[in-house]
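Structure first, commentary second.
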Amino acid sequence: MQIEQLRKAKVKMSIVVPAYNAEKFLPECIKNLVDQTFFDIYGEDSMELIFVDDKSTDDTLEILRKYENQYSKKIKVYENPVNGGPGGARNLGISKASGVYIGCVDADDIADKTMFEKLYKAAVRDDLYADIVDSGADLEELGVKAILTRESDCGEVTDDTRSYLIANLGFPWTRIYRRDFLDENNIKYRENVILEDNDFLIEVIAKIKTLALVPEILYFYRNDPESICKRDAEVSFFEMNVKCIRAIYEKTHLLENYNSIRDAVEMQIWDTAYRTVYNIDELYRLGGIDEAFMDKMLGILRNEVVRCVTSRPEDNCYVAANGSKEVIDRLVTFIQGRI
């Protein structure tokens, strides 16, 4: 869209909320969204709240329908015909969205009531219409409050900034994304997997040209193990990590600017590899797998990592900056086949 078309757009913001067995926290999440100050400033039809039920087995869908009837001008509810995981639910929601900007909220989390007003105002300031706008998150379970994007990163984005942001990846739900940017670059979430956020964000950051920031904590994350974004009891954590590494590489290695952001991208691959090695080791230590199966898993992982990286972990500046000596040593022994 041209700037004038963006200015005149009726629906300025679409918020997509994937929901799976979220009955415990869903009412509070919905209440904070329908009470957003964005509606007070721009009108009831200026922002749409799109909820996607991902084949829940509890009362999630019934709760969503109740609120849809109560707030019919604000809320739209869709049912995913098949269980597609968080990525599938988000993709469906985004496909139904008509807003200039897209935001995503998890059904068990809380968005500050001023969040989308502030993010939108930052996006359109001076007619920038930034590709993405970021803010900060309160990670309740970890006791951490984080704003990873720096004010110096804002405006026109360089590859140095892209590298910093990829290495310090952050979260999909602290950001809003210009819909045209996602469409023009064909950026979507992977479906039926976990860890779909990682490669999505890396691809987004690798391709953005403009960035804005609201340097405030506006998103409150809660870890509900039953939610759509945390459930992994029925999937192979190992397999999902290998797929994540593959997706990170495949979405970036052919980009024109890849050589300039390669170290940061490979740092994320090394980070995923380390977490996978750690979990395989713990599974073996607890007797969940035998040594032969452990060696097989490590071999598959090693082959994928070797295919996707050119740097050694000890020579990668972002690994060195973000990882301890213990982490780096573990990665070195892993890649040499000694673990």
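Are any residues in the range 301-319 surrounded by 15 or more Cβ atoms within 10 Å (Cβ to Cβ) and among the hydrophobic types (A, V, I, L, M, F, W, C), and if so, which ones? Scanning the range 301-319 gives L301, V305, C308, V309, V319. Condition check: surrounded by fewer than 23 Cβ atoms within 10 Å (Cβ to Cβ), among the small types (G, A, S) and either closer than 24 Å to D263 by Cα or in the same structural domain as D263 (by TED's automatic domain parsing) (or both). Does A122 satisfy that? No: the conditions fail for A122. Listed by position, the helices (runs of 4 or more DSSP H) inside the range 131-221 whose residues that are closer than 26 Å to D54 by Cα and either touching a residue at least 12 places away in the same chain (Cβ under 8 Å) or in the same structural domain as E117 (by TED's automatic domain parsing) (or both) number at least 2 are 179-184, 196-207.
Filtered by the rule that a residue be of a type in the set (V, I, T) and either assigned to a loop (DSSP other than H, G, I, E, B) or without any contact (Cβ under 8 Å) to a residue 40 or more places away in the chain (or both), the range 51-107 gives T57, V77, V82, V100, V105.
In this structure, is Y120 closer than 16 Å to D53 by Cα and among the hydroxyl-bearing types (S, T, Y)? So Y120 fails the test.
Remark: pairs (first residue in the range 277-296, in the same structural domain as R330 (by TED's automatic domain parsing); second residue of a type in the set (S, T, Y) and buried (at least 16 other Cβ atoms within 10 Å of the Cβ); Cβ separation under 6 Å; 6+ apart in sequence or on different chains) = M294/Y284. For beta carbons closer than 7 Å, sequence separation of 6+ or different chains, a first residue in the range 328-339 that is not assigned by TED's automatic domain parsing to the domain that holds D295 and at pLDDT 90 or above and a second that is among the polar types (S, T, N, Q) and in a helix (DSSP H, G or I), there are no qualifying pairs.
The values are calculated or read from the model by the stated rules, or taken from the named source; none is laboratory data. Note that the structure is a prediction, hence the values are computed from the model and not measured. Ideal geometry is used to build each Cβ from the backbone, glycine not excepted, and the neighbour counts take in all protein chains shown.
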